[in-house]
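Trainee: The structure is given below, and queries will be raised subsequently.
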Amino acid sequence: MSTHIAAEPGQIAPIVLFPGDPLRAKWIAETFLENAELYTETRGMLGFTGTWEGHRISVQGSGMGQPSMAIYANELFDSYDVQTIVRVGSCGALTERVKVRDIIIANGASTDSGINRVRFHGLDYAAVADFGLLRAAVEASEAEDLESTVHVGQLFSSDQFYSTRPELTEPFVQHGILGVEMEAAGLYTLAAYYGRRALAICTVSDHIVTGEETTAQEREQTFGDMIRIALRAATA
Ligand code: HPA
């Protein structure tokens, strides 16, 4: 058992899907996995292991924001020898090129967080996805019969959902950033540190420019497309 995950060694699969919301983890396990079993509920941060098309897969809630996510990612990599983590989350669109319900596969993530700045002594680190996973996700999104439009591009991983300085994202948008969420940059950095694979895929739940939002039913449909891409890519 690690500090925040109550699983025995071997109870967590080498491949982990990593939603922010623990109830999403439950929904993914119940909807996509066979024989899913709960291995942790410490602090309500649920984790399940089951199988998908014969592959052992775990789904672990990460909580919101890089500090929470990093607790679980560190323990998954360090205590449970997890090899592949695919974040499956939601993001806000920062450009009109991206619409609500679209899916963004993040080739990299910039951030306003101090988490990487502390790690790199104030210098800037380019937090990028594992290329093999990224390629497999793009191929999966082309092969699957999806309702959603898929983009490949950068996310902005913010420390503040309720930003006090929204204008700070403007230069990032001018340099091609597609959406804002709160975890990808920290996840990519930890995967690089441990020599493991990580990818973040997000569905666009709200639009920062147009103010448009998705309904719960629409979110479920796009969320399903995203999970299919993640499972196919992680097991390719
Ligand atoms: N900001 C940060 N994270 C998010 C957002 C947002 O607007 N939407 C979904 N996750």
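Read-outs: derived from the displayed coordinates by stated rules, not from any lab. All of these numbers come straight from a predicted model, not from anything done at the bench. Counting neighbours? That spans all protein chains shown, and the Cβs are built from the backbone with ideal geometry, glycine included.
Trainee: Per-residue ellipticity at 222 nm for the chain, helices alone: DSSP H runs ≥ 4 residues times -39500 (n - 2.57), over residue total, nearest 500 deg cm²/dmol? Could the numbers behind the result be given before it?
Mentor: Numbers: 7 runs with 80 residues, N = 236.
Value at 222 nm, helices only: -10500 deg cm²/dmol.
Trainee: Same structure again: With a bin width of 10 angstrom, please list the P(r) values of region 1-97 as percents of all Cα-Cα pairs, from the 0 bin to the one holding the largest distance.
Mentor: The calculated distribution, bin by bin, is 17, 53, 22, 6, 1.
Trainee: Rounded, prolate or oblate: pick one for the chain, where a ≥ b ≥ c are the square roots of the eigenvalues of its C-alpha gyration tensor, a/c under 1.5 means rounded, and failing that, prolate if a/b is larger than b/c, else oblate. Don't skip to the answer; put the middle values down first.
Mentor: On the way: a/c = 1.61, a/b = 1.22, b/c = 1.32.
Verdict is oblate for the chain.
Trainee: Along the positive direction of the dipole of the chain (beta-carbon charges: Lys, Arg +1; Asp, Glu -1; about the Cα centre), which of His4, Met45, Ala136 reaches farthest?
Mentor: Looking along the dipole axis, the top candidate is His4.
Trainee: I've got another one for you. Pulled fully out, how much extra length does the chain show between Thr215 and Ala6, if you take 0.36 nm times their separation in residues and subtract their Cα-Cα distance?
Mentor: Values: separation 209, 0.36 × 209 = 75.24 nm, distance 3.42 nm.
So the extension gain works out to 71.8 nm.
Trainee: Classify region 156-235 as rounded, prolate or oblate, taking a ≥ b ≥ c as the square roots of the eigenvalues of its Cα gyration tensor: rounded when a/c is under 1.5, otherwise prolate if a/b is larger than b/c and oblate if not.
Mentor: On the way: a/c = 2.33, a/b = 1.12, b/c = 2.07.
Oblate.
Trainee: For Ala192 and Glu142 in one chain, what is 0.36 nm times their gap in residues minus the Cα-Cα distance, to one decimal in nm? All intermediate terms of the calculation are to be shown ahead of the outcome.
Mentor: Details: separation 50, 0.36 × 50 = 18.00 nm, distance 2.68 nm.
Length gained, Ala192 through Glu142: 15.3 nm.
Trainee: Between region 180-236 and region 56-101, how many Å separate their Cα centres?
Mentor: Cα centroid to Cα centroid, the span is 7 Å.
Trainee: Hey, how many Å between the Cα centroid of region 123-148 and the Cα centroid of region 1-47?
Mentor: A separation of 23 Å, based on Cα centres.
Trainee: Taking the DSSP beta bridges in the chain as the whole, what percent of them are antiparallel, to the nearest 5? Please list the in-between numbers first.
Mentor: Values: 19 of 46 bridges.
Antiparallel: roughly 40 percent of the beta bridges in the chain.
Trainee: I've got another one for you. From the alpha carbon gyration tensor of region 139-202, can you work out the equivalent ellipsoid semi-axes (sqrt of 5 times each eigenvalue) and give them in Å, largest to smallest? Intermediate values should be presented prior to the final figure.
Mentor: On the way: eigenvalues 112, 70, 21 Å².
Taking √(5λ) for each Cα gyration eigenvalue gives 24, 19, 10 Å.
Trainee: Describe numerically, in nm with one decimal, the distance between label points set 7 Å from Cα along Cα→Cβ at Thr42 and at Phe131.
Mentor: If labels sit at Thr42 and Phe131, their model points lie 3.6 nm apart.
Trainee: Can I ask one more? As an exercise, identify the chymotrypsin sites (Phe, Trp or Tyr not before Pro) in region 131-229 lying in DSSP coil whose Cβ has no more than 13 other Cβ atoms within 10 Å. The partial results should precede the final answer.
Mentor: Details: sites: Phe131, Phe156, Phe161, Tyr162, Phe172, Tyr188, Tyr193, Tyr194, Phe223; in loops: Phe161, Tyr162.
Sparse-neighbourhood loop chymotrypsin sites (Phe, Trp or Tyr not before Pro): Phe161, Tyr162.
Trainee: If you don't mind, there's one more thing I want to ask. Counting other Cβ atoms within 10 Å, which GluC sites (Glu not before Pro) in region 112-209 have at most 16 and lie in a DSSP loop?
Mentor: Here the GluC sites (Glu not before Pro) that fit, given the DSSP loop and packing criteria, are Glu144, Glu147.
Trainee: Ok, one more. Which of the three applies to region 82-222, rounded, prolate or oblate, going by the alpha-carbon gyration tensor with a ≥ b ≥ c and a/c under 1.5 meaning rounded? Walk me through the intermediate numbers first.
Mentor: Working: a/c = 1.96, a/b = 1.13, b/c = 1.73.
Oblate, because a/c is 1.5 or more while a/b does not exceed b/c.
Trainee: Label point 7 Å out from Thr235 along Cα-to-Cβ: which residues of region 54-79 have amide N under 15 Å?
Mentor: 54-59
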